[in-house]
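Student: Structure in structure tokens, see below.
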Amino acid sequence: GAGGGAVRCGAVRCGAWGVPADWRRVLSPQFLGRWFTSGLASNSSWFLEKKKVLSMCKSAVAPAADGGLNLTSTFLRKDQCETRTLLLRPAGPPGCYSYTSPRDSTHEVSVAETDYETYALLYTEGVRGPGRDFHMATLYSRTQTPRAEVKEKFTTFAKSLGFTEEGIVFLPKTGEHTNLTGGD
């Protein structure tokens, strides 16, 4: 489709996106399944220092018992695959979820836009605890090589949230980083 099927939402803060009523579909099989984290934008100093060594991670979205989502991410850390599962609990308006990080910060995640088949744009912000100042935009892609217009959409989305060019990164496929391949 010519972009007509995208669920579009507009302002920052969970629930301020104005998600249409059919958002319940996010819990249908359409949003579930495998996604790749192919783009990130953040204001954190940790992110700006580490962005050169970050690589794409694979995420699987599955339904959780309470109407929430289980988000299982597999990523490379020091040449080892690590898996982490977050329980995203429904937080008010449809398309909004919250989770508690291991450091006891509460974060809100909102799915700002998705067409279910190729991409999803997510926004995460810290709302309580030590990670209160954390803000991140994420591009989920169904493939490891998102199309140029999807990347463009993500860049526009990230800039609309106040992230700078420097804070936006498209992640290489795992194993394409020179410091992750070869050498022991």
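The values are calculated or read from the model by the stated rules, or taken from the named source; none is laboratory data. Only a predicted model underlies this, so the values are computations on that prediction, with no experimental measurement involved. Here the Cβ positions follow ideal geometry from the backbone for every residue, glycine too, while neighbour counts run over all protein chains shown.
Student: Picking from 97, 116, 123, which residue would you name as being of a type in the set (Phe, Trp, Tyr), farther than 18 Å from residue 58 by Cβ and in contact with a Gly (Cβ under 8 Å, 6 or more places away or on another chain)? Walk me through how you get there before you give the answer.
Tutor: On the way: 116 fails: farther than 18 Å from residue 58 by Cβ; 123 fails: in contact with a Gly (Cβ under 8 Å, 6 or more places away or on another chain).
Among 97, 116, 123, only 97 is of a type in the set (Phe, Trp, Tyr), farther than 18 Å from residue 58 by Cβ and in contact with a Gly (Cβ under 8 Å, 6 or more places away or on another chain).
Student: Can you report the number of residues in segment 150-168 which are within 16 Å of residue 124 (Cα to Cα) and of a type in the set (Asp, Glu)?
Tutor: 0
Student: Moving to a separate point now. Pull up segment 33-49, narrow it to residues that are under 12 Å from residue 167 (Cβ atoms) and surrounded by 12 or more Cβ atoms within 10 Å (Cβ to Cβ), then point me to the one that is farthest from the chain's Cα centre (by Cα).
Tutor: Filtering first and then ranking leaves 48.
Student: In segment 62-82, which residues are closer than 24 Å to residue 116 by Cβ and surrounded by fewer than 19 Cβ atoms within 10 Å (Cβ to Cβ)?
Tutor: First, pick out the residues of segment 62-82 that are closer than 24 Å to residue 116 by Cβ: 62-75.
Matches in segment 62-82: 62, 63, 64, 65, 66, 67, 68, 70, 72, 73, 74, 75.
Rundown of residues vs (1) over 18 Å from residue 121 (Cα atoms); (2) modelled with pLDDT of 85 or more; (3) in a helix (DSSP H, G or I), yes/no style:
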{"position": "24", "(1), (2), (3)": "no, no, yes"}
{"position": "34", "(1), (2), (3)": "no, yes, no"}
{"position": "38", "(1), (2), (3)": "no, yes, no"}
{"position": "62", "(1), (2), (3)": "no, yes, no"}
{"position": "88", "(1), (2), (3)": "no, yes, no"}
{"position": "92", "(1), (2), (3)": "yes, no, no"}
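Student: Separate question: Out of all the residues in segment 4-13, is one or more within 19 Å of residue 154 (Cβ to Cβ), of a type outside the set (Val, Ile, Thr), modelled with pLDDT of 85 or more and surrounded by 15 or more Cβ atoms within 10 Å (Cβ to Cβ)?
Tutor: no
Student: For the subset of segment 98-154 comprising residues that are basic (Lys, Arg) and under 18 Å from residue 87 (Cα atoms), which member is surrounded by the most Cβ atoms within 10 Å (Cβ to Cβ)?
Tutor: Per the stated criteria, the residue is 128.
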